[in-house]
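Report on the following structure.
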Amino acid sequence: ISLKRGVFRNDSESYDWFKAIRTDDQARRNITITMLDSNNNPTIVWRVQNAWVSKLSTPSLNSGSSEAAIETMDVVCESYSMEIL
């Protein structure tokens, strides 16, 4: 699963999880991914079991740029289910 999100100052949650999985197999997590429609109503829900970060790509920050900083996180899991709402 490949996820992208904007990076904010002092937000190290993705990196902390990526770092933890390198030293602790118990750092795997169950996660829920929800797709929203244009009115912010849930339309699809994925429930992911025993997930871990396999790759984390962080942007190089350029103080002269007005572009949003986007990180990409590749997540591997043991299983998942999908529910269409």
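The values are calculated or read from the model by the stated rules, or taken from the named source; none is laboratory data. Nothing here was measured: the structure is a model prediction, and the numbers come from that model. No Cβ is skipped: glycine too gets one built from the backbone with ideal geometry, and neighbour counts run over all protein chains shown.
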Check: Looking at the stretch 55-76, which of its residues are exposed (fewer than 13 other Cβ atoms within 10 Å of the Cβ) and farther than 14 Å from ARG5 by Cβ?
Finding: LYS55, SER60, LEU61, ASN62, SER63, GLY64, SER65, SER66, GLU67
Check: Where residues in the stretch 8-49 are at pLDDT 80 or above and within 20 Å of ALA69 (Cα to Cα), which of them is farthest from the chain's Cα centre (by Cα)?
Finding: ASP16
Next item on the list: Quick one: count up the residues across the stretch 6-24 that are surrounded by 14 or more Cβ atoms within 10 Å (Cβ to Cβ) and touching a residue at least 24 places away in the same chain (Cβ under 8 Å).
Entry: 6
Notebook entry, point to check: Going through the stretch 1-23 one residue at a time, which ones are outside any loop (DSSP other than H, G, I, E, B) and within 30 Å of LEU85 (Cα to Cα)?
Noted result: SER2, LEU3, LYS4, ARG5, GLY6, GLU13, SER14, TRP17
Next item on the list: Restrict the check to the stretch 33-49 and report whether at least one residue is touching a helix residue (DSSP H, G or I) at 6+ places or on another chain (Cβ under 6 Å) and at negative phi.
Entry: no
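For the stretch 24-60, give me each residue that is assigned to a strand (DSSP E or B) and of a type in the set (D, E, K, R). Outline the logic, then answer.
Our first condition is that a residue be assigned to a strand (DSSP E or B); within the stretch 24-60, this holds for 29-36, 42-57.
Scanning the stretch 24-60 gives ARG29, ARG47, LYS55.
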